Amino acid sequence: MSAQNTGNSFYSNPVIGGDLPDPSIIRVGDTYYATATTNDFAPVYPVFESKDMVNWKQISAVFMEPPTWTSKDFWAPELFYQNGTFYVYYTAKRRDTGVSCVGVATTKDIYKGFTDHGILIEWGEEAIDGFVFRDDDNKLYISWKAYGLTQGREIELLCSEMSADGLSLMGEPFSLTDRSKNWEEEAGEGQVLLRRNDYYYLLYSAGGCCTNGCNYHVRVARSKNLRSGWEQLKEPILQSGDFWRCTGHGTVVTTPDNRYFYLYHSYYAPDFEYIGREVLLDELFWNDTTGWPYFKNGVSSTKSEMPVVGTRQQVTTTYFNDFSGTDNLNFWEWDVKQSKPEIQVEYGELIITTPHDGLSFLGFRPEDGHYEFSSELIQTDEPAGIGIYSNPKNVVALLVSNSELKIIQLNNGEERTFLNQKIENVGSVHLKFEAIAGRYFQFFKSEDGKEWIPLKIGDAFQLDCDFMPQWNHAPRAGFIGGGKKGTTSRFRNLSVQYLKDKF
């Protein structure tokens, strides 16, 4: 489906599945580019390309490895383009102080990653969610969220003029959201500034964003003067529906025929934070009488009469990798707070070298809550296998070590073993787990990869991993290594099959 023809055809949300919060989108000619938050996983900020805003392909990442000044919390990247150069304005914490700042990076070739220019905005205890736009007078401005961590002070959205090259601030910042002007609630975050007719419009998100009790939603304000006189629409223009929850933090883009679309994130209710915030697309309309923008239904929904809001896309494909090359491994994820595992491919085997003592992870974000993950492990003396990973203290894994098969759980660093079973007279073992709603897991073993034996966990065959989502960090699936630094583990034939929704 083409975004220019959405009035005559339907598409399904999500347009990009899996955990990709705070998406940003731009159009350059007839091509759209998007990126999103990666939290504490690298490569940092995946870059996607599309001709229609519906069918996306990852083409690169902003940073294959984090910039040296950063430590964690890689949030809210915003893309911008001018004069043949791509920009990204991103949030990360300083390695030395732990303060969140807005950085900037650029590239001439978006397929080859970005060159970092360091910190652009450091403001008190926190500066996040940078957004850049060009005014009618051809001046650049950047807005950001401030005072979110300052005790006794209301959150504000600040704004500053920028240099023509987009790499520095000019003049004194000013507030877009003075709470004394009778705003309905706190100023919010994830803002978008755009100009239409006589008004500046400010779309922003408010409420709790990231846990099962979240109430995130999108609001709008407008003014004829960028620096003052903002009028807030009293009711949200986009909020939770029956199936898509905690809607917000997106970017507006226009099509060549001047239609407005909003790319944003939302949780799918059955999977919720166990899979994370996925990327949705809705068309933004304008009331000809009042001038206010609106969404057709005002909720994120799987049912609509409008072609621009379809049903949730069912993922039915199977991903298979025989490790005949490394191309498909380029964008696999690892924990930025740890060293990157070393990867080799040799004779149809994936060889992973643990870069430090203890558990390490290499994998990817699941695109749906119902899936099977399987691979053949060549036996090793040190622990290695497959599992689910949120951070080093929250892991569930099916491991083999010294001819013993184990199911282990780390819950806030506290280790528990659910299975300890001998494996006899085999040079390898096939391992599999099945995820249900991204929360419940069943584990299996096999000698041939065809006949699977379910593994018992205590008195049951299913493990409830309700502890796995850590704040806004959705768990990943992949390979788990352990033992001493320099330990290698070898795998053959990875298969990931997405199953039909069980709800």
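The values are calculated or read from the model by the stated rules, or taken from the named source; none is laboratory data. All values derive from a computational prediction rather than experimental measurement. No Cβ is skipped: glycine too gets one built from the backbone with ideal geometry, and neighbour counts run over all protein chains shown. Ligands, DNA and RNA are excluded from the accessible area calculation, which covers all protein heavy atoms including side chains. Shrake-Rupley method; radii C 1.70, N 1.55, O 1.52, S 1.80 Å.
Observations on the structure shown:
- Comparison of Ser160, Ser205 shows that the only residue that is closer than 22 Å to Leu20 by Cβ, in a strand (DSSP E or B), open to solvent by less than 30 Å² (accessible area, probe 1.4 Å) and not aromatic (Phe, Trp, Tyr) is Ser205.
Per-residue answers, yes or no, for (1) hydrophobic (A, V, I, L, M, F, W, C); (2) out of contact with any Phe, Trp or Tyr (no Cβ under 7 Å at 6 or more places or on another chain); (3) in contact (Cβ under 8 Å) with a residue 40 or more places away in the chain:
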{"position": "Ser428", "(1), (2), (3)": "no, yes, yes"}
{"position": "Ile436", "(1), (2), (3)": "yes, yes, yes"}
{"position": "Lys450", "(1), (2), (3)": "no, yes, no"}
{"position": "Ala460", "(1), (2), (3)": "yes, yes, no"}
{"position": "Gln470", "(1), (2), (3)": "no, yes, yes"}
{"position": "Lys484", "(1), (2), (3)": "no, yes, yes"}
{"position": "Phe491", "(1), (2), (3)": "yes, no, yes"}
{"position": "Tyr498", "(1), (2), (3)": "no, no, yes"}
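- Residue in the range 364-373 that is crowded, with 20+ Cβ neighbours inside 10 Å and over 21 Å from the mean Cα position of the chain (by Cα) present: no
- Some residue of the range 83-106 being open to solvent by 10 Å² or more (accessible area, probe 1.4 Å), modelled with pLDDT under 95 and not aliphatic (A, V, I, L, M): no
- Checklist (1) farther than 21 Å from Leu167 by Cα; (2) at pLDDT 95 or above applied to Asp52, failing item: (2)
- If only residues of the range 327-341 that are modelled with pLDDT under 95 and not in a loop (DSSP other than H, G, I, E, B) are counted, the one that is least open to solvent (accessible area, probe 1.4 Å) is Leu329.
- Picking from residues in the range 132-157 that are of a type in the set (Lys, Arg) and either touching a residue at least 40 places away in the same chain (Cβ under 8 Å) or over 22 Å from Val99 (Cα atoms) (or both), the one that is least open to solvent (accessible area, probe 1.4 Å) is Lys145.
Yes/no matrix, rows are residues, columns are (1) aliphatic (A, V, I, L, M); (2) assigned to a loop (DSSP other than H, G, I, E, B); (3) surrounded by 15 or more Cβ atoms within 10 Å (Cβ to Cβ); (4) modelled with pLDDT under 65:
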| position | (1), (2), (3), (4) |
| --- | --- |
| Lys303 | no, yes, no, yes |
| Pro307 | no, yes, yes, yes |
| Gly310 | no, yes, yes, yes |
| Gln314 | no, yes, no, yes |
| Ile352 | yes, no, yes, no |
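- Selection of the range 40-82 for residues being in contact with a Pro (Cβ under 7 Å, 6 or more places away or on another chain) and either without any contact (Cβ under 8 Å) to a residue 60 or more places away in the chain or open to solvent by 10 Å² or more (accessible area, probe 1.4 Å) (or both) yields Tyr45, Gln58, Val62, Phe63, Met64.
- Selected residue (only one of Leu169, Leu157, Leu193, Leu202 is closer than 25 Å to Thr37 by Cα and either over 27 Å from the mean Cα position of the chain (by Cα) or at pLDDT below 90 (or both)): Leu169
- Selection within the range 435-492 - buried (at least 20 other Cβ atoms within 10 Å of the Cβ), over 21 Å from Thr417 (Cα atoms) and of a type in the set (Phe, Trp, Tyr): Phe491
- For the range 400-407, the criterion of being farther than 20 Å from Asp448 by Cβ, of a type in the set (Val, Ile, Thr), out of contact with any Lys or Arg (no Cβ under 7 Å at 6 or more places or on another chain) and not in a loop (DSSP other than H, G, I, E, B) is met by at least one residue.
- The residues listed here are Glu372, Glu376, Glu367; of these, the one that is part of a strand (DSSP E or B), within 29 Å of Trp56 (Cβ to Cβ) and of a type in the set (D, E, K, R) is Glu372.
- Matching residues in the range 27-39 - criterion: being open to solvent by 20 Å² or more (accessible area, probe 1.4 Å) and within 12 Å of Glu78 (Cβ to Cβ): Tyr33
- Of the residues making up the range 375-385, just one is closer than 20 Å to Pro475 by Cβ and either open to solvent by 20 Å² or more (accessible area, probe 1.4 Å) or in contact with a Pro (Cβ under 8 Å, 6 or more places away or on another chain) (or both), namely Pro383.
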